[in-house]
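Following: one structure in structure tokens, then a few remarks.
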Amino acid sequence: MPLVSEYDVRRAAATGNRELYVDADAVVTPQALDIADRLGVDIQHRAAPMGAQPSIDPARAVQRLLLRRSPRWVAPPHRRGLAATRFTRIAFVGSGMVGATAAHLAAISGIADELSLVDVVPGLAAATALDLEHASGITGSATRARGGTSLDLCASADVVVVTAGRPRSPGMTRDALLAINARVIHDIAESIALHAPDAVVIVVTNPLDEMTSEMWRRSALPARQVIGMAGTLDSSRFRNALAGVAGVRPADVQAITLGSHGAEMVPLVSSATIKGRPVRDVLSTAMIDRAVAEAVNGGAAVVELRKTGSAFIAPAHAVMELVDALRGAITDPLPASVMLTGQYGIDGLFLGVRARFDSGGVVEVIEDRLDKAELSALQAAARSVQARLAG
Ligand code: A3D
């Protein structure tokens, strides 16, 4: 019996057994342990037969270690703020896949009185806004939505989420994408400066760190009001990948990524934990490398499967995690692209690091303890972003 589930415990209890004997190397799920407690079933691991070979499957060995020794441990959830703000207006510039999905999540959670959607394609934002309102008869959401092509719709927004732009098409260089999307970001930046100068702007358009920098430069908003979203998404992918190789739930994993989005991402292995234990203590180097590669290539893997367009569900959740930090619903620091002013030896550049937020934007950049390789990877990412911006 390699895996003992809740079902096995219930079956034992139903047949009147108060003791359930399982193999020496069996993995007992947390749900099975909980239900065994409640039903009074004692789970006993049989001794391994004399002369039996110890299990050499590394994944199973990890599961045993993590589940048997600390069965009920889960990562503590984000600290929730006691008085989260409800925004008056959140604007979404770009009502494509990420913009519309993030607006949908915002409407469901009712975190704003009104959502304003903008898109250059006539009718697209208005249609999405109408569609969102049509759902409110079911969801009961009090959040109203309106949409159009004019950036005036951003007027007095508390938060503006910018997803406008093109994704990279096959064969297009990163520099070509940078040039095309920079023009889009410049127009939007000027409008935001005019109509919503107090808004916090969350940039999602790729290439992320460069577009965040362009948004700040062209809008001339204070740096604390400009944030790029990539770290919350990449960190979620990293936690999911680590959970996958370790055979535990993503909630059991604490891990973040810093750096830039894509190949210059810096997944922090040195501080990552699974069930509270350093990953390097419980996973082999090969397993960690697999999880890192999965996180770094997560976006590309979705693009390859979809053929047209890129990921939008996880990115939309990652945007809303930042919005939750801005409104005080999450008080823990989160990874995002923010202006560095000397932290990690990097100055005057937007790059993914952990920061603390409030409704006015960045409150404080956190300088995490990195090992030597992580620090040099972060500084290399900074040099690459800097070179692309200069180019
Ligand atoms: P898509 O579904 O194409 O939506 C983009 C929308 O922007 C389209 O509806 C366009 O009509 C609209 N648009 C273009 N120019 C303008 C403009 N000047 N004003 C208003 N709207 C405009 O793409 P998507 O939603 O999948 O992705 C949007 C962007 O986010 C792309 O650049 C992606 O590469 C990027 N993205 C980044 C991440 C990160 O983690 C950083 C994740 C997912 C997507």
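The values are calculated or read from the model by the stated rules, or taken from the named source; none is laboratory data. All values reported here derive from a predicted model rather than from experimental measurement. Every residue, glycine among them, receives a Cβ derived from its backbone with ideal geometry; neighbour counts consider all protein chains shown. Ligands, DNA and RNA are stripped out before the accessible areas are found, and what is left, the full protein with its side chains, is counted by its heavy atoms. Shrake-Rupley method; radii C 1.70, N 1.55, O 1.52, S 1.80 Å.
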Legend entry - Cut-off 15 Å between beta-carbons: net charge of the residues surrounding ARG146, Lys and Arg +1, Asp and Glu -1: -4
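Answer rounded, prolate or oblate for the range 231-390, using the Cα gyration tensor with square roots of eigenvalues a ≥ b ≥ c: rounded when a/c is under 1.5, else prolate when a/b is larger than b/c, else oblate.
Rounded.
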Legend entry - Interchain or long-range residues, amide H under 5 Å from PHE350's placed H: LEU340
Inset, instruction - On the protein heavy atoms, probe 1.4 angstrom, tell me the percent of accessible surface of the chain carried by carbon and sulfur. - result: 55 percent
Legend entry - Karplus-derived HN-Hα couplings along the range 186-200 (A = 6.51, B = -1.76, C = 1.60, θ = phi - 60°), whole Hz, x at Gly and Pro: 4, 4, 5, 4, 5, 5, 5, 4, 7, 9, 9, x, 9, 6, 8
Inset, instruction - Would you look at the GNM of the chain, springs on alpha carbons closer than 10 Å, and say which of ASP371, ASP37, ASP152 moves the most? - result: ASP37
Inset, instruction - Could you please report the charge total around ALA230, scoring K, R as +1 and D, E as -1 over all other residues with beta-carbon less than 11 angstrom from its beta-carbon? - result: -2
Inset, instruction - Answer rounded, prolate or oblate for the range 121-228, using the Cα gyration tensor with square roots of eigenvalues a ≥ b ≥ c: rounded when a/c is under 1.5, else prolate when a/b is larger than b/c, else oblate. - result: oblate
Inset, instruction - Net charge near HIS134: determine it from the other residues with C-beta under 15 Å of the C-beta of HIS134, scoring Lys and Arg +1 and Asp and Glu -1. - result: 0
Inset, instruction - Take the chain, connect every pair of alpha-carbon atoms lying under 10 Å apart with a spring to form a Gaussian network, then pick out the residue of ASP198, ASP324, ASP42 with the largest mean-square fluctuation. - result: ASP42
Legend entry - HIS104 - accessible surface, heavy atoms, 1.4 Å probe, Å² rounded to 10: 90 Å²
Legend entry - Max mean-square fluctuation residue, GNM over the chain, Cα-Cα springs under 10 Å, options GLY309, GLY259, GLY96: GLY309
Inset, instruction - Just read off the accessible area of ILE188 with the full protein assembly in place, 1.4 Å probe, to the nearest 10 Å². - result: 10 Å²
Inset, instruction - Please work out whether the range 272-321 counts as rounded, prolate or oblate from its C-alpha gyration tensor, where a ≥ b ≥ c are the square roots of the eigenvalues and a/c under 1.5 means rounded, while otherwise a/b larger than b/c means prolate and anything else oblate? - result: oblate
